[in-house]
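First up is the structure itself, then whatever we jot down about it.
The values are calculated or read from the model by the stated rules, or taken from the named source; none is laboratory data. These numbers were taken from a predicted model, which means no experiment stands behind them. Neighbour counts run over all protein chains shown; Cβ positions are idealised from the backbone, glycine included. Areas reflect the complete protein model, heavy atoms only, side chains present, ligands, DNA and RNA absent. Shrake-Rupley method; radii C 1.70, N 1.55, O 1.52, S 1.80 Å.
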Amino acid sequence: MLNLNGAIWLVLAALHVAVIVRAVLLNGRDAYARAAWLLLLLVLPGVATILYLLFGEPWVSKAFRRRWHHAYDALLPFAPRPSRDIATAENENAFRTCEAIARWPACVGNTAKIASGADAAIDGIVSDIDAASGTVHLSFYIWLGDANGSRVVDAVCRAARRGVTCRIVADAIGSRSLIRSGRWEAMRQAGAHLCASLSAPLGLGLLSGHRTDLRNHRKIVVVDGCVTWGGSQNCADAAFLPKRKFAPWVDILIRYEGPIARQAELIFASAWMAETGEDMRPALGSDAPAPWPKGFVAIAAGTGPMSPRASMTDIFVAVLAASRDRAVITTPYFAPDPPLLNAIVAAARRGVSLTIVVPRRNDSRMVGAISRAYYPVLSEAGVRIHEFSGGLLHAKTIVVDDRLVLVGSSNMDRRSLDLNFENNVLLESTELAGEITAHQARWLEQAPEVDRQTITERSLARRFIDNLLTMAGPLF
C-alpha cells in the first residue's frame, strides 16, 4: 500500500499530466501559445502547473458568460441603424470586421474633439457632468483619488444630488484604492449607483465567476446619451502617483457627439446589466442621437473574454491590411500574437511607411523586454521603431493613410488581445486623422529612432535572450 506521502505525490503527478493534456487539447489556442505553455510545464513541473491553473486560460464560468451574453443580446435592438451602406471601398473590410464583432453597423454623422492634455480632458468631462440633466455613465480601469480623480468624484456627487442618474463603474483591482476610500462612499451617499467591476469571488464563488486577472480595462464616459469620451486616459493626474517614476503618462482622450455615443453607451450598459442585474432597456428607451450633417463614419466596438476569440487581433489586422502608403502606431505595451506581428511585417514589406512608437522606459519590465525582442524582425521588414523618452507614452493610436483611425483602450499585448475588456473606436475622417497625426508628430519629436544597425548586430547572447523572450510572449 502507498503511504500518505506517496499518495500525495501520485495525485500531484496525475494533476500535472492532466494539465499538460489540457494545454495540448484546448481548442482555439494558437500553436505558439500552446508550445510555450507545454515547454514551461515540462521544464518547471509543479510551479508551471500552478501557473497554468491560475493564468493558463481565460477561464470564465458558464453562469458568468450567460449573464454577459444575455445582457448584450437584450440591448442590441437599441443600436442605431443607418439607412444606407456607408463604408468606403478602401476601408470597407476594416469596418466590416468591427461590425461583425460589435454586431451593429458603423454609423455616419459623428463629430469629435481631442483634449489637449490630461487636465484638459478632465476639465471637459467635469463640464459635461455638470451640464448633465438625465444620466451620467462612467467606467474607468484606474480611478485615483488624486486631484483629477477627486474632481470627477465631486462632479458625480453634484450631479447625483440634483437628481441625475449616475451609474459609476471602476475596476475592482485597478481602482481598489479609490473603492476603499471615503470618496467612493461619498458618491454612494450622494445617490450615485456604484459597481466595483469584476470583483474577485472567494471560495465556491469562483464557480460562478472568472479568472481573477480578467480586468475591465475600458475607459468610457457617456453623458445624457449624446456625448461620449473615449481613449487611453484613466481618471487620474498625468503624474500618476502609483508609478510616478515613469511620469508623465501621455494619453489621448476624445470627446464624440453623434450616434457613436449610443454605441459607447451600449458597451457600458451591457457590462452594467451583466454585473448588477439592473435591466438597462428602460434607460435606453429614447432615440439614439441624431447624426450631424457633415459628420464622419465611426463604430465603437467592445472586446473581451466574451467576444469571439482573437477579436481584438482581427480589428488590428484589418486596420493594418487597409494601409497603402503610411501607418503610424503608438502603444505602450507591444507583445503581439503571431497574426498581428505578421500583419505589421506584411504591411512594411509591401511598401507601407510604417512607424511604431513605444516608451523607452516601460512600467512593465517584462513587456518592455519582449517589445525589444521583436525589434529585429520589425526592422528587417522595414518598420521604423521609435522610443518615446518624454514619460510613459500610454496612448493607443493607429492612423492609416491620413484617413483611417483606430483609437481606444487596447494595447498590442496578450492582455488586451485575449483577457481584458476593452473599448475602441474605428473612424474615417481626414480632419480628425490630421489632428491625431499632429499629436503623434509631437510624440515623435521626443522619440529618437532606434538605430537599425544596432538592432541587427546583436551578440549571440542577446539573440539567445531575445528568442527566449519571444517564446515567452504568449504567456504574458
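Here is how the numbers come out for the structure above:
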item: Of all residues making up segment 317-334, the number that are out of contact with any Pro (no Cβ under 7 Å at 6 or more places or on another chain), open to solvent by less than 10 Å² (accessible area, probe 1.4 Å) and either more than 25 Å from A300 (Cβ to Cβ) or of a type outside the set (G, A, S) (or both); result: 7
item: Matching helices (runs of 4 or more DSSP H) fully within segment 15-104 where at least 1 residues are closer than 30 Å to W272 by Cα, among the polar types (S, T, N, Q) and at pLDDT 80 or above; result: 92-102
item: Flag if F95 is under 23 Å from the mean Cα position of the chain (by Cα) and open to solvent by less than 30 Å² (accessible area, probe 1.4 Å); result: yes
item: Segment 118-169: number of residues that are of a type in the set (S, T, Y), surrounded by fewer than 16 Cβ atoms within 10 Å (Cβ to Cβ) and either more than 21 Å from E275 (Cβ to Cβ) or modelled with pLDDT under 95 (or both); result: 2
item: Hits in segment 1-30 - residues which are loosely packed, with under 14 Cβ neighbours inside 10 Å, in contact (Cβ under 8 Å) with a residue 24 or more places away in the chain, aliphatic (A, V, I, L, M) and closer than 20 Å to D337 by Cβ; result: L26
item: Looking only at segment 340-368, and only at residues there that are modelled with pLDDT under 90 and within 22 Å of D30 (Cα to Cα), the one that is surrounded by the most Cβ atoms within 10 Å (Cβ to Cβ); result: V367
item: Residues located in segment 318-342, provided they are among the aliphatic types (A, V, I, L, M) and in contact with a strand residue (DSSP E or B) (Cβ under 8 Å, 6 or more places away or on another chain); result: V319, L320, A322, A327, V328, I329, A335, L340
item: Residue in segment 65-74 that is under 25 Å from the mean Cα position of the chain (by Cα), free of Cβ contacts under 8 Å to residues at least 40 places away in the same chain and exposed (fewer than 14 other Cβ atoms within 10 Å of the Cβ) present; result: yes
item: Check on G230, of a type in the set (G, A, S), out of contact with any Asp or Glu (no Cβ under 6 Å at 6 or more places or on another chain) and either open to solvent by 30 Å² or more (accessible area, probe 1.4 Å) or on the phi > 0 side of the Ramachandran plot (or both); result: no
item: Residue under evaluation S311, criteria (1) within 28 Å of D402 (Cβ to Cβ); (2) more than 19 Å from the chain's Cα centre (by Cα); (3) of a type in the set (G, A, S), criterion not met; result: (2)
item: Among the residues listed as S429, S410, the single one being of a type in the set (S, T, Y), under 30 Å from A271 (Cβ atoms), crowded, with 17+ Cβ neighbours inside 10 Å and touching a helix residue (DSSP H, G or I) at 6+ places or on another chain (Cβ under 6 Å); result: S410
item: Segment 343-373, subset outside any loop (DSSP other than H, G, I, E, B), in contact with a strand residue (DSSP E or B) (Cβ under 8 Å, 6 or more places away or on another chain) and not hydrophobic (A, V, I, L, M, F, W, C), residue farthest from W249 (Cα to Cα); result: S353
item: Some residue of segment 106-117 being out of contact with any strand residue (DSSP E or B) (no Cβ under 7 Å at 6 or more places or on another chain) and more than 27 Å from L76 (Cβ to Cβ); result: yes
item: Helices (runs of 4 or more DSSP H) lying entirely in segment 139-251 (those with 3 or more residues that are more than 22 Å from F55 (Cβ to Cβ), over 24 Å from the mean Cα position of the chain (by Cα) and not basic (K, R)); result: 147-161, 182-190
